[in-house]
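The values are calculated or read from the model by the stated rules, or taken from the named source; none is laboratory data. Note that this is a predicted model, so its numbers are computed, not measured. We place every Cβ from the backbone using ideal geometry, glycine too, and count neighbours over all the protein chains shown. In case anyone asks, the SASA skips ligands and DNA or RNA and just uses the protein heavy atoms, side chains included. Shrake-Rupley method; radii C 1.70, N 1.55, O 1.52, S 1.80 Å.
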Amino acid sequence: MNQAYIDALNLKVSNIRVNQAGYLPSDPAKLFYYVSDKCESATYSVVDLEGEEVAAGGKFSAFGKIDQTVRVVKAYVNSLDKRYTVEKTAPEAKVCAGKLAELAALPTDKRLRIKVGKEYSSTFIVSDKVYSMVRDANLKFFGVQRSGDSESWFHGPSHVHDSIPGGWYDAGDFLKVAPTMGYTFLVLSVLSAVHPERDEDHYAFNHNEIVKTDGIPDMLREARHGAEFYLRSYEYAKGEIKDMIVLACRRRLQQALPC
């Protein structure tokens with residue numbers, strides 16, 4: 001399909017705004033929102049993926065309003081040559097809130113949607129595992145970003161001849177930025193240490209393997225991949241912290257100099 005047409009589709013946002021991560025069963029309100037000039041008189045229901053009604057009878061309450069918004073996508077061949085621009089203008093409108101908690105109990109661990117008239121929201125789920133699902137989705141992106149001979153589920157070995165192989169690429173490209181990697185493996189480590197009950201072993205080191213896992217909680221295993229990069233840097237500097245490439249790279253970044 002023409003890329004400009006696909007970008008135009010991406011600019012179309014549903015007027016029904018749900019938490020796409022989902023809702024915990026214990027959430028007191030389970031709020032979602034409807035953007036429309038008639039939202040205060042509208043009613044909503046909850047349906048499954050087939051459109052079968054799960055719960056009905058909800059009403060919205062006034063929440064506020066949004067100003068006119070303009071969304072623009074500009075596509076470039078490179079940093080200089082612009083190919084096209086796609087633009088979408090949304091008018092000023094009221095915003096009303098709905099509360100799923102006011103309805104009958106919703107099924108858990110099942111994809112649902114909000115229906116208002118002929119409009120449907122994005123799918124959502126009610127589950128105790130909502131944020132575990134978000135964790136796993138983030139984890140698999142780390143697998144995409146791995147550098148070196150690292151069992152990435154997405155690509156083969158890469159940059160194996162670097163002075164210090166391993167670590168993660170930054171921002172979806174093939175650049176490795178030391179401060180970013182250091183912060184990342186620290187956060188992953190702290191997450192696993194503070195909430196070990198939330199760090200589950202769903203995957204082997206290669207995230208394509210979900211049957212024979214490696215026996216190591218997934219976030220902790222990913223943190224180890226980042227830590228190994230810094231240990232290699234320490235060894236490369238012969239134990240002299242001031243000579244570690246990661247520290248030199250950080251100083252040069254702060255001075256806007258190439259690493």
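Each row is one residue, and each column tells you yes or no for (1) among the basic types (Lys, Arg); (2) closer than 16 Å to Phe124 by Cβ; (3) part of a strand (DSSP E or B).
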| residue | (1), (2), (3) |
| --- | --- |
| Tyr34 | no, yes, yes |
| Val47 | no, yes, yes |
| Ala55 | no, yes, yes |
| Gly64 | no, no, yes |
| Arg71 | yes, no, yes |
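Every condition in (1) closer than 27 Å to Glu92 by Cβ; (2) part of a loop (DSSP other than H, G, I, E, B); (3) at pLDDT 90 or above holds for Gly51 except the one numbered (1). Name the residue that is surrounded by the most Cβ atoms within 10 Å (Cβ to Cβ), counting only residues in region 210-238 that are assigned to a helix (DSSP H, G or I) and charged (D, E, K, R). My answer is Glu222.
For region 64-97, the tally of residues that are touching a Phe, Trp or Tyr at 6+ places or on another chain (Cβ under 7 Å) and farther than 19 Å from Val13 by Cα stands at 3.
Scoring Val116 on the criteria (1) under 22 Å from Ile66 (Cβ atoms); (2) among the β-branched types (Val, Ile, Thr); (3) open to solvent by 30 Å² or more (accessible area, probe 1.4 Å) leaves a single failure, condition (3).
Pairs are defined by a Cβ separation below 6 Å, a sequence spacing of at least 6 or placement on different chains, a first member in region 65-84 that is among the hydrophobic types (A, V, I, L, M, F, W, C), and a second member that is in a strand (DSSP E or B) and at pLDDT below 85; the pairs so defined are Val70/Thr89; Val72/Glu87; Val73/Val86; Ala75/Arg83; Ala75/Tyr84; Val77/Arg83. Of all residues in region 40-56, those that are touching a residue at least 12 places away in the same chain (Cβ under 8 Å) have Cβ atoms under 8 Å from Cβ atoms of residues that are among the aromatic types (Phe, Trp, Tyr), 6 or more apart or on another chain, in Glu40/Phe60; Ala42/Tyr34; Ala42/Phe60; Thr43/Phe60; Tyr44/Tyr34; Tyr44/Phe60; Val47/Tyr120. Does Asp128 meet the test of being over 30 Å from Leu49 (Cα atoms), among the acidic types (Asp, Glu) and either without any contact (Cβ under 8 Å) to a residue 40 or more places away in the chain or open to solvent by 30 Å² or more (accessible area, probe 1.4 Å) (or both)? Criteria not met by Asp128. If only residues of region 144-173 that are of a type in the set (A, V, I, L, M) and assigned to a loop (DSSP other than H, G, I, E, B) are counted, the one that is surrounded by the most Cβ atoms within 10 Å (Cβ to Cβ) is Ile164. Kindly indicate whether Lys88 is surrounded by 14 or more Cβ atoms within 10 Å (Cβ to Cβ), closer than 25 Å to Met133 by Cα and in contact with a strand residue (DSSP E or B) (Cβ under 7 Å, 6 or more places away or on another chain). No. Filter region 174-209 down to the residues that are surrounded by 13 or more Cβ atoms within 10 Å (Cβ to Cβ) and aliphatic (A, V, I, L, M), then identify the one that is farthest from Ser233 (Cα to Cα). Checking each candidate, the answer is Ala204. Any residue at all in region 10-29 that's of a type in the set (Val, Ile, Thr), more than 17 Å from Ile125 (Cα to Cα) and open to solvent by less than 40 Å² (accessible area, probe 1.4 Å)? The answer is no; no qualifying residue exists.
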